[in-house]
Structure formats: C-alpha cells, structure tokens
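Single-structure report; data block below.
The values are calculated or read from the model by the stated rules, or taken from the named source; none is laboratory data. Bear in mind the structure is a predicted one, so any value in this text is a computation, not a measurement. Using ideal geometry, Cβ is built from the backbone for each residue, glycine included, and neighbour counts are taken over all protein chains shown.
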Amino acid sequence: MNAFDKKISSVNSYPLTAENITILQVNMGYKCNLRCTHCHIEASPERKEAMSSSTVDRIIDILKKHDEITTLDITGGSPEYNPNYRLLVKMTADMGKKVIVRTNLAIYFEPGMSDLPEFLAEHKVKIVASLPCYTKDGVDGQRGKGTYDRAVSALKRLNKLGYGREGTGLEIDLMFNPAKEGVAPDQHMLENAYREKLKELHGITFNHLIALSNMPIGRLGRAMSVIEKEVYLKQLEEKFNPDTVKNVMCRHLISVAPDGTLYDCDFWQALKLSVNERTSNTVNSFDYASLSNRDIVTAPLCFMCTAGAGASCSGALA
Ligand code: SF4
Ligand code: SF4
C-alpha cells in the first residue's frame, strides 16, 4: 500500500474505485502554441503527437453507444491544431451531449483559428480557458510575453458573442493555477478577485473560476529538486481532506491519450500509467461495464486531488 492508499484506508475509502463514466476527457494532441512553465503534459510547438482520424472515429462510436457518457471534455496541448477538432465537436454536440473545450485563448490568434469562437458559440460549446492570473506579469511570466494581451482580447471577443453573459446559455469558465508548486488558494475568494479585477480593468465577465493546484510532474516536476518534491507532497498529505475522496475526478471520468490509450486521469496520462483493466485499456477495446467500476491506479501524487478543498478539472471538490 502506498501512502495515499493508507490514508484513504484510514477513512474507509480504500480501494479507490470508479463509480461510473460520465465524462470522456480526450486529449487530441500534445502540440501547443505555448510552452508554460508548469505544464504537466510538457506541451510545446515542437510536439508531434496527434490523435488520428481512426481514433477520433472510435471515440465518436463510443459516445454514440453510451448514453451514460453525457460529456465530452476536449483537451491538449492545443487541441485546436488537430484537423478533426471541429468534426468531433460538431458530431458530439449533434448527439445532444455536453461538449467542453479547454483552450489557452492565445491559440485564436494563430493562422486558421480566428473563426473558432463563432464556431464554438454556434454549437453551444462550453469553454474552459486557462488564465493563471488576472495580471499581465502573472500570465506573461508563466506563458510567455504577449499571452496576457491576447487572452484579454480573446475574452472580450467571446463576451461579445455572448460567452459569460447572463441568459445566453454560453458558458466560459476560467482556470487558475499557481506559478509554482503550491495548493491553490480558496476558489471562491479567488473567483471574486478575478471577477472584480477583470471587470474593472477590461470589462470582461465569465461564469466561474476553477482553481487548480500544480502537479509536481512534467515541466514543473523537472524544475523541482527531489527534496522540493518531497516537501510539497508532505504539505499536500498534511492537508488531506477526507470529504474530497468521493468526488475525485477519476471516479467519474476516463482520460484518452492521442494514441487512444485509456488513463484514470490526465496526470496519469502524462506519466503513462494506463488503467488497471488490461483487457480494456484503449479506445479499441473500450468496455464500459468493466471500466466504469475499475480499481483506480493510485500514488502519493493523488494527495494533490484531496488537499484542502480538493482539486479537479472542474474545480474544488469539497
Ligand atoms: S499548460 Fe496548456 S497552454 Fe500551457 S503549454 Fe501546457 S497545454 Fe499548452
Ligand atoms: S491523481 Fe488522478 S488517479 Fe489520483 S486521485 Fe487524482 S484524478 Fe484520481
């Protein structure tokens, strides 16, 4: 038993198992126009991994076949680079399922991407936009010079289309993460600060803020020493909150890599720790029945999801 298993065992939550699969989180490729300092997937303009057409077809089949999967959550890299991005969005939206796309906003200024906001609005797609700070220095420091101005300009355009405006049904959430290791501050307080500052500085509105802590893997992990990682994990363990365990995201989602391999979460995808189900660990052998109550692969890094109010791709858990 690892330290996380011991801890959840002490609160009668061992073993960690899936409860269902309501969200298919699909990573369409690791290429990204940015190269953020904390990126756990180590996306960059040089990455080549991209989901093939046949894997996208298989995902569409899975979504058609399983009403239990109500949401498609598209991520990357910059998933917008994948030539099948619009097809996957449109076909899933036409099935009546919820579609969430994750974006860094700056991508809308790359060649061939400028009409994406209108396309997403047309299909009523929910946008989760990463914006690690509401200040220029904070954003440019993590993501590169000019990224804050592009994000602000994209958000203004999305607001004009109706995103983040009451009564339109067009949702946009923003996502915060700390510059380095560290548990994200209280989500509610941070959301208020973002709302106030973005409105005051730029007239920007949005629906909710998601506060995510950083996982000490990938680019951030490589920048940390072994001792720094141990200290960080210890801090996370000390902040363990038993109320978060029942809601950790892996209990309700499955993560698909560009090559079609299945993972319990995006973090395990980055570490190549595929799901425990050896007979159903790719989209080609997808078996809802066995995957929806699988034993989840755990490690001390899971303390990141259960520290304080908890953390997930959808925000705090407790
Ligand atoms: S954190 Fe997001 S925007 Fe930044 S490099 Fe990684 S995938 Fe790209
Ligand atoms: S790190 Fe992944 S597997 Fe572990 S609790 Fe978090 S979502 Fe689940």
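A few comments on the model shown:
- The single condition among (1) away from ligand 1 (no atom under 11 Å from the Cβ); (2) polar (S, T, N, Q); (3) at pLDDT 95 or above that Thr135 does not satisfy is (3).
- Residue that is farthest from Lys7 (Cα to Cα) [pool: residues in the range 245-274 that are touching a Gly at 6+ places or on another chain (Cβ under 8 Å) and modelled with pLDDT of 95 or more]: Pro258
- Output for the range 179-197, where each listed residue is more than 14 Å from Gly310 (Cα to Cα) and modelled with pLDDT of 85 or more: Met189, Leu190, Glu191, Asn192, Ala193, Tyr194, Arg195, Glu196, Lys197
- Residue in the range 29-76 that is farthest from Cys265 (Cα to Cα), counting only those that are within 11 Å of ligand 1 (Cβ to nearest atom) and small (Gly, Ala, Ser): Ser44
- Residue match in the range 117-124 (condition: more than 28 Å from Ala309 (Cβ to Cβ) and free of Cβ contacts under 8 Å to residues at least 24 places away in the same chain): yes
- Filter pass, Ala309 being away from ligand 2 (no atom under 11 Å from the Cβ), surrounded by fewer than 18 Cβ atoms within 10 Å (Cβ to Cβ), under 25 Å from Arg102 (Cα atoms) and of a type in the set (Gly, Ala, Ser): no
- Residue under evaluation Asn27, criteria (1) within 19 Å of Ile107 (Cα to Cα); (2) at pLDDT 95 or above; (3) more than 15 Å from ligand 2 (Cβ to nearest atom); (4) not β-branched (Val, Ile, Thr), criterion not met: (3)
- Of the numbered criteria (1) in contact with a Ser or Thr (Cβ under 8 Å, 6 or more places away or on another chain); (2) more than 10 Å from ligand 2 (Cβ to nearest atom); (3) among the charged types (D, E, K, R), the one Arg278 fails is (1).
- The range 13-37 residues that are at positive phi, paired with ones that are modelled with pLDDT of 95 or more and among the aromatic types (Phe, Trp, Tyr) (beta carbon under 7 Å, 6 or more apart): Gly29/Tyr81
- Candidates Thr55, Thr103, Thr71, Thr92: the one that is in contact (Cβ under 8 Å) with a residue 60 or more places away in the chain and either surrounded by 21 or more Cβ atoms within 10 Å (Cβ to Cβ) or among the β-branched types (Val, Ile, Thr) (or both) is Thr55.
- Among the residues of the range 93-110, those identified as in a helix (DSSP H, G or I) and either in contact with a helix residue (DSSP H, G or I) (Cβ under 6 Å, 6 or more places away or on another chain) or of a type in the set (Lys, Arg) (or both) are Ala106, Ile107, Tyr108, Phe109.
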